[in-house]
1. Grab the Cα-Cα distance for residue 318 and residue 37, subtract it from 0.36 nm times how many residues apart they are, and report the gain in nm with one decimal.
2. Sum -39500 (n - 2.57) across every DSSP H segment of at least 4 residues in the chain, then divide by the residue count to get the 222 nm mean residue ellipticity, nearest 500.
3. For segment 258-313, just run the numbers: alpha carbon Rg, then divide by 2.2 N^0.38 Å, N being how many residues it has.
4. Is the C-alpha gyration tensor of segment 59-100 telling us rounded, prolate or oblate? Criteria: a/c under 1.5 is rounded; beyond that, a/b larger than b/c is prolate, otherwise oblate.
5. Compute the relative contact order of segment 114-169 as a whole-number percentage, counting only Cα pairs closer than 8 Å that sit 6 or more residues apart in sequence.
6. Just to be sure I understand the model, the point goes 7 Å from the Cα along the line to the Cβ. What's the resulting residue 244 to residue 73 distance in nm?
7. Would you work out the relative contact order for the chain, in percent, from Cα pairs under 8 angstrom that are 6 or more residues apart?
8. Cα gyration tensor of segment 165-259, axes a ≥ b ≥ c as square roots of the eigenvalues: rounded (a/c below 1.5), prolate (a/b > b/c) or oblate?
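A short reminder: the numbers here are calculations on the coordinates, not readings from a lab. Owing to the predicted nature of the structure, the values given are computational and were not obtained by experimental measurement. Glycine gets a Cβ as well: all are built from the backbone with ideal geometry, and neighbour counts include every protein chain shown.
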C-alpha cells in the first residue's frame, strides 16, 4: 500500500503519493518531561505523515528518558542524548542527523495543530519561498488557558517576501512555527551555538538575506508562555543577546543597511525594553526611552513612552 499524505490547497484536503518530500522535525529538550509528550503527540497527529522526528535531549536531569520510552518504539522517532551544550547546539545536532527535504523546529513545551505541516508544505512547494512560518496561539504555562496577544506595533506584524528590513527591528517569527528548505540552511550555515538566547533570530536574519519568507495566517502553533524554567524569563540577559545578534548581523553584511537604519533599529529595541521596565523600574525605563529618542528623535513611540512614564508617576495614568 502506498504512503498517502495530505496537501492543503484552497482549504481542501488532497491526497498525494509517497513521492512527497520527507519533513524532518527537530525537537530540542532540556528538563521538559511535563510537556514533551504533548509536543511529540502533536507531531505524530499531523495530517502529513511523511515525517521523521529527531529528539535531542540536551542533558536533561529529570526523567525525560523514561517518559519518552514508549515513543522510542515508533520508527518515525529518533532519540539522542548529549551532555548539556545549549539549545543552539542541540538544534544543530538535530540538523546533522536530518534526512528531510524540509526542516521544521518544535520546542519541547510547544504544540502544533494537526494541519500545520500540510499547510506549510503547500506554500513551500513554490520554489521562490525558502521559509514558511505561521501565526500562533499563546497558552499560560501553568494553567494552560489561552492568553490574548495583540500585535501592537508595525514591527510585530507578520510579513512575507523579503523580510530582512522588518526582521532587523524585531523578531516577529515564532521559531516553533518555522519550516525551511534544507538547502537554504546549507546555504547560510547552521545555528550559532555561541548564542545562548535568540539563536533562532540570528538564523532567520541570515536566511532572510537570500530567501523569500511566507506565512500561514492561522494559529498553527500553540506556544506555551510563563514556565519558570523558560529562557525568556531572564529578560536582562535576553536583551544583551539581542544586541550582540543584531551587531553580528550588521557586521556580517556590511553595506546592507545605512548607519541611520542601524540607529533606528536600536531605537526600536530600546522602546520595547522601556515598555517592559515601565511596570516596575521607572529609572531604567526612562533611561531606555531617552536613549531611543537620542538615537532617533523622530521616534514617536519613545516620546509617548516618556510622557506615559511621567503621567504614571504623577498619578494621572495607571500602569
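1. 97.0 nm
2. -11500 deg cm²/dmol
3. So the Cα radius of gyration is 1.05 times the expected 2.2 N^0.38 Å.
4. It comes out oblate by the Cα gyration axes.
5. With pairs under 8 Å counted, the relative contact order is 18 percent.
6. Modelled inter-label distance: 4.4 nm.
7. Rounded, it is 16 percent for the chain.
8. Here segment 165-259 falls in the oblate category.
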